[in-house]
Amino acid sequence: GLGDVYKRQPQLSYKIDQMESLFNIPPLKEGKTDFNGNDLQIRFENVRFSYEKDEVLHGISFSVPQGSLTALVGESGSGKSTLAKLLVHFYDVTDGRITLGGQDLREMSLASLNEQISFVAQEQFLFNTSLLENIRLGRPGASDEEVFAAARAAQCEEFIGRLEHGWDTAAGDAGKQLSGGERQRIAIARAILKDAPIVILDEATAFTDPENEDKIQRSIICL
């Protein structure tokens with residue numbers, strides 16, 4: 001009745017405000033050029049970034065040579081995840097630039113950049129399809145054998161084997177049965193299958209128990 005509508009009015013107003021703020025976000029500066037960098041060296045050049053008016057990165061500069069393994073270490077809230085998300089172009093820098101092989105990320109298409117990078121976030125979303133197909137999202141044209149090999153490298157076989165329907169288990173159900181570490185191993189299997197030259201791990205072991213952390217560390221070696 002009208003009473004129920006009245007009680008829900010604050011919640012509805014909040015959701016409308018949130019939707020309006022999303023519509024007001026400017027689109028990403030996306031180019032149409034394919035990746036044509038000289039190599040795969042990553043460079044942050046005097047990068048600044050602000051969430052609305054709050055600047056959180058203040059002129060960051062560093063480089064990551066091709067073929068290297070680099071860790072960003074710092075306190076929670078120091079900007080590590082923001083740097084990772086800028087590199088995969090989830091956001092535009094406020095000032096400065098990020099280059100890949102000398103090419104500004106904003107010059108290339110998102111599809112072209114996506115071919116060069118695999119991103120494993122702290123929290124993973126499983127689509128409501130089988131675990132087999134969830135892993136195959138890393139490279140949709142991969143064969144079942146290639147998916148199995150990636151899952152084996154990511155230490156997934158043991159826990160998938162415990163599920164009643166195994167590889168055919170719907171992720172909607174498995175999401176309730178899998179731990180955070182197991183979901184992360186599914187995400188790492190996707191990245192292994194994709195086989196992109198650059199892999200970004202955004203605190204991939206942040207929400208895992210010691211047993212899963214050990215297995216995730218072993219699976220990372222295969223990336």
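A few points about this structure:
- Within the range 105-150, the set of residues being touching a strand residue (DSSP E or B) at 6+ places or on another chain (Cβ under 9 Å), in contact (Cβ under 8 Å) with a residue 24 or more places away in the chain and farther than 25 Å from Lys176 by Cα comprises Arg106, Glu107, Met108, Ser109, Ser112, Leu113, Gln116, Ile117, Ser118.
- Among (1) more than 20 Å from the chain's Cα centre (by Cα); (2) in a loop (DSSP other than H, G, I, E, B), the one test that Glu55 misses: (2)
- Enumerated helices (runs of 4 or more DSSP H) restricted to the range 74-192, each holding at least 3 residues that are among the hydrophobic types (A, V, I, L, M, F, W, C), in contact with an Asp or Glu (Cβ under 9 Å, 6 or more places away or on another chain) and surrounded by 16 or more Cβ atoms within 10 Å (Cβ to Cβ): 144-153
No value in this document is a laboratory result; all are computed from the given coordinates. All values reported here derive from a predicted model rather than from experimental measurement. We place every Cβ from the backbone using ideal geometry, glycine too, and count neighbours over all the protein chains shown.
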